[in-house]
Amino acid sequence: MSWSPETQSFLKHSPPPAASPPARGSSQSPAPKSQFTHRHLLQLAAFYASCPLRVVAHMDIDCFYAQAEMIKRGITPEKPFAVQQWQGLIAVNYAARAFGISRHTTATEAKKLCPALQCQHVATWKEGDDKWAYHDDAAANMATHKVSLDPYRKESRSLVALVKENLPPHLQRVEKASIDEVFLDLSAHVHAVLMQRFPELSGPPPSDDPDERLPMPSVLGLHWQDDLLVGIDDGETTAELEDPDWDDVAMNIGSEIMRGLRTEVRRRLGYTSSAGVASNKMLSKLGSAHKKPNSQTIIRRRAAQNFLSGFKLTKIRNLGGKLGEQVCMAFMTDMVVELLKVPIEQCRHRFGDDTGTWIYNVIRGVDHNEVNPRTQINSILSAKSFRPAINTTDQAIKWLRIFVADVHSRLVEEGILENRRRPRTISLQHRHGSQARSRQSAIPQGGPLDHETLLDLATNLLGQLSLEGGVWPCSNLSLTVSGFEEGVRNNTAIDSFFPKGGHVLPMAPPVALLKPGTSRAAEEDSTGPAPKRPRRPDGIERFFPPKGVQKTKGGQSMLGRPSGKQPGQQQRGLSDAYVRDEYMSDEPASRAPANHQQTPVAPGYTCDQCDAGFETGTELQCHQDWHFAKELQDQEGRVRPRVARNAAPTTHAPDNTSNSQHGAGASSSSSSSRRPGRPKKTEPGQGRLNFEPFE
Ligand code: DCP
Ligand code: CA
Ligand code: CA
């Protein structure tokens, strides 16, 4: 019997099995059959998101900023230690947590709880300095200092690099999920190990039928060492452990890989970490937080429902925000165990077919989001909130100098000196009361991109904003460079995007800040006529792929890949900014009293797209809105502003290659120069970007 051509071609690209261990069991006796098939094995090797043998892990560094500072200073883990930002604590080590100290505690309260607590203020840029440093007096000088997250970004890069180094290059899929987290799709790696250890799995199915069931694993029990193995019910018997199927074996191999990886992170970088190993991103993320510090939690498919039952709905990835709240309100409960009683028809009735089905599945542990390898940053941002607000151009320019130094040092790390990568666009965002505006311009290509050039460009943008008036008092300024290109290029294409007589293209205004608990519509009412803004899709629809994706014959390939994405599957890039609701749900801004001058400033937030740091969740939201507007603008593209204004609705549907949006050279622009293959319909709930004409 031979494989079909499609499968043969697939196998050709599979890693060759390594030397086989001695055969286990006898091939003579009729073996019981597994519930999994040869097709599932093929899917595992090919990272199929719907493969039932799939293994996904999430790794999160324990008390990250605290460990980073402790390692730097040789402080041992049993010493209570915290990282301070102004008067608040942003990271607390586990020794200090034993005293009841948390991120919600102020530095003063924490010292009362534990007099031996050592607090280290985060590094800051001091007004007038051209480099960040650790300043003993930073906490008392918020008005003249700006937080630098550079030390943690550097550690974060080392972490991701080490993870990648320690996984087989062709079998890894690593997604940096935040400054101290990675998702890993271990499926192909696990597949390779399975093939090595269980030679009976390699080779074609005897009948050449990929749906033929596999023999049961020739192992009697699986060892999980110190891992926390979530049971199928609260009083799990050991019986099921003696009868593992291939999904359990795959999970066991995944847990072994993660144990090794975490040991390596500890050995090489000094960090303890926690991990979750499961069949998808949602479960693995909940798993990594389940038992901290320094342990890992394994959620096998058969244990998923029991594991989820104990959670509140809003703890689930993508349900920490508005949609989660709506579901809780609709069914009058926030507990998953109660929501499991809601029939799928009711979910669909309340939330529509796609969203309803997605909710129904996700609380049962079904999540087909891909692990998206993202390695390069798309933009660099430096920002500061002013409390009290600033009132003069001189003050603003002082801060622009700091932003420029900050951005420049990170550009150097990105390789601008060697012309490895270079941003195309610079923009300045400004907030005056509830009004947020921004201006952007092209960065001249060719010459050096030094402090002076950046400062000239930034000052020019500030000048343009000032000319319009309504600038002072200013409560927030941020400078961003974006649109990175690889290597040096003659950048005529992007130049053609900007109007003649100057290189400034007014950017669509960022979406107005949403006050916690305020609906978008209410916000518009309260601030008077709002600037035109791109709407982002509401609810879970924003995570859905465009409809009408081309299907293969019969809707499935040989490997059983369903055409298009699964409901609930996250789009890369564009909507990534909005899939962090669970992070936002711990929003310190909502806890922070209104009078910021007299109270500790809420701890920082980090943008998952560009690692920019923010002091409040609201600022992060504003910034993410900016990413959204920017992505839309980049996608619209290449559409001339005037044409875009009057043209019939066109698309800016998210695509799956957002990184290239920024990285690719811009093509010349017109509304008809849409890239091939892009769907013509807008996403549900998305309006089009409306560029104001440049005067
Ligand atoms: N962070 C922050 N402000 C927040 C949340 C996080 O400044 N509101 C920073 C400090 C953290 C780092 O991000 O050290 C990672 O955030 P985590 O949520 O992973 O928290 P920790 O790593 O500190 O603790 P844990 O051991 O619970 O993961
Ligand atoms: Ca962490
Ligand atoms: Ca984290």
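The values are calculated or read from the model by the stated rules, or taken from the named source; none is laboratory data. These figures come from a predicted structure and were not determined experimentally. Cβ placement follows ideal geometry from the backbone for every residue including glycine, while neighbour counts extend to all protein chains displayed. What goes into the accessible areas is simple: the full protein's heavy atoms, side chains included, and nothing from ligands, DNA or RNA. Shrake-Rupley method; radii C 1.70, N 1.55, O 1.52, S 1.80 Å.
Would you tally the net charge around Lys126, using a Cβ to Cβ cut-off of less than 15 Å, leaving Lys126 out, and scoring K and R as +1, D and E as -1? That sum, taken over residues with Cβ under 15 Å, equals -2. Remark: accessible surface ordering of Trp132, Trp125 (largest first) is Trp132, Trp125, probe radius 1.4 Å.
Under a Cβ-Cβ cut-off of 14 Å, what is the net charge of the residues other than Pro206 that fall near it, where Lys and Arg count +1 and Asp and Glu count -1?
Working: positive: Lys33, Arg213; negative: Glu200, Asp208, Asp209, Asp211, Glu212.
Combined, the nearby Lys, Arg, Asp and Glu give -3.
Semi-axes of the equivalent ellipsoid for the range 126-182, please: Cα gyration tensor eigenvalues, times 5, square-rooted, ordered largest first, whole Å. Provide the component values of the computation, followed by the final result.
Numbers: eigenvalues 247, 20, 13 Å².
Listed largest to smallest, the semi-axes of the range 126-182 are 35, 10, 8 Å.
Across the range 64-149, the relative contact order, built from alpha-carbon pairs under 8 Å that are at least six residues apart, equals 25 percent.
What does the charge count around Ile363 come to, taking other residues whose C-beta lies under 13 Å from its C-beta (Lys +1, Arg +1, Asp -1, Glu -1)? Let's see the in-between values first.
Values: positive: Lys312, Lys315, Arg317, Lys341, Arg364; negative: Asp334, Glu338, Asp367.
Its environment carries a net charge of +2.
For the range 64-149, which whole percent of the accessible surface, found with a 1.4 angstrom probe, sits on carbon and sulfur atoms?
55
A crude spin-label estimate for the pair Glu413 and Ser102, with each label 7 Å from Cα along the Cβ direction, gives 3.0 nm. For the range 64-149, taking Cα atoms only, Rg and Dmax work out to 12.8, 40 Å respectively. Packing, as the average of other Cβ atoms within 10 Å across residues, places the peptides 203-211, 301-309 in the order 301-309, 203-211, highest first. With 23 Å as the limit, the listed pairs Lys146/Lys291; Lys126/Lys384; Lys176/Lys322; Lys154/Lys384; Lys79/Lys312 have Lys146/Lys291; Lys176/Lys322; Lys79/Lys312 beyond it between alpha carbons. Taking the centroid of alpha carbons for each part, the range 377-425 and the range 246-299 are 37 Å apart.
Averaging the inverse of every distinct alpha carbon separation and then flipping it gives the Kirkwood radius. What is it for the range 254-373, in angstrom units?
Values: mean 1/r = 0.0651 Å⁻¹.
One decimal place: 15.4 Å for the Kirkwood radius.
Simple spin-label estimate for Asp353 and Lys72 gives 5.4 nm between the two label positions (7 Å along the Cα-to-Cβ direction from each Cα).
Between the beta carbons of Ser466 and Ala140, assuming R0 = 30 Å, the FRET efficiency works out to 0.45 to the nearest 0.05.
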